[in-house]
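Below: the structure, in structure tokens.
Read the figures in this text as sums done on the coordinates, not as results from a lab. Predicted, not measured: the structure shown is a model, and the values here were computed from it. Using ideal geometry, Cβ is built from the backbone for each residue, glycine included, and neighbour counts are taken over all protein chains shown.
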Amino acid sequence: MIRQFEKYDIDEVMQIWQNENIKAHKFISEQYWKTNYNYVKEIIVNAELYVYVLKQQVIGFIGLNNNYIEGIFVDSKHQHNGIGKALLNKVKENRNNLMLKVYQKNTNAIKFYKHNGFIKKEENIDKDTKELEYIMIWNKN
């Protein structure tokens, strides 16, 4: 079930955020994610968030800032079951376009976004990590 984020979801959401960032971004120091944990925990509540709940446990979420996808995260034990796609489709319902940034080395995420209709628009270097990232966009047909 997908529903809007509630403040009591914060610990589960942040645990998924940290765990999955570390797993998906082996090319970035684990300490980077741990150092940014408290900052993200403070600001994440300002985003438009939807959580995917299974058996009363948050197992995934998507965060938006207007039409910019801040991130889609699914607990690794539940990946490849359509949860990320369901979260993405939830936000596509009420938007004509979406944009996101994804690290060039995160090939699984790039494959996922391409499979879901996103195209690479441009490239740049992330100022914090110095990693190459792609800016990808999706437009409703």
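Give, in nm to one decimal, the length gained when the segment between H78 and Y8 is fully stretched (0.36 nm per residue of separation minus the Cα-Cα distance). Each step should come with its number before you reach the end.
Working: separation 70, 0.36 × 70 = 25.20 nm, distance 2.12 nm.
So the extension gain works out to 23.1 nm.
In whole Å, what is the distance between the alpha-carbon centres of region 84-103 and region 9-82?
Their Cα centres are 15 Å away from one another.
For the chain, set up a Gaussian network in which alpha carbons nearer than 10 Å are linked by springs, and say which option among V58, V40, V102 fluctuates the most.
Largest GNM mean-square fluctuation: V40.
Can you list the aspartates and glutamates whose alpha carbon sits under 13 Å from that of K85, skipping same-chain ones fewer than 8 residues off?
Straight-distance partners of K85: E93.
For region 2-139, what's the relative contact order in percent, using C-alpha pairs closer than 8 Å and at least 6 residues apart?
Answer for region 2-139 is 19 percent.
If I model a spin label at N67 and K121 as a point 7 Å from the Cα along the Cα→Cβ vector, what separation in nanometres do I get?
Computed distance between label sites N67 and K121 equals 0.8 nm.
Tell me what the chain gives for mean residue ellipticity at 222 nm when only DSSP H runs of n ≥ 4 count, each as -39,500 (n - 2.57), the sum divided by the residue total, rounded to 500 deg cm²/dmol. Working shown, then result.
Numbers: 4 runs with 48 residues, N = 141.
Theoretical 222 nm ellipticity from helices: -10500 deg cm²/dmol.
Using DSSP, restrict attention to beta bridges with both residues in the chain and report what percent are antiparallel, rounded to the nearest 5. Before the final figure, lay out each step's value.
Values: 29 of 31 bridges.
If we restrict to bridges inside the chain, about 95 percent are antiparallel.
Rounded to two decimals, what is the ratio between the C-alpha radius of gyration of region 73-141 and 2.2 N^0.38 Å? Write out the running numbers ahead of the final one.
Values: Rg = 12.7 Å, N = 69, 2.2 N^0.38 = 11.0 Å.
Ratio of Cα Rg to 2.2 N^0.38 Å: 1.16.
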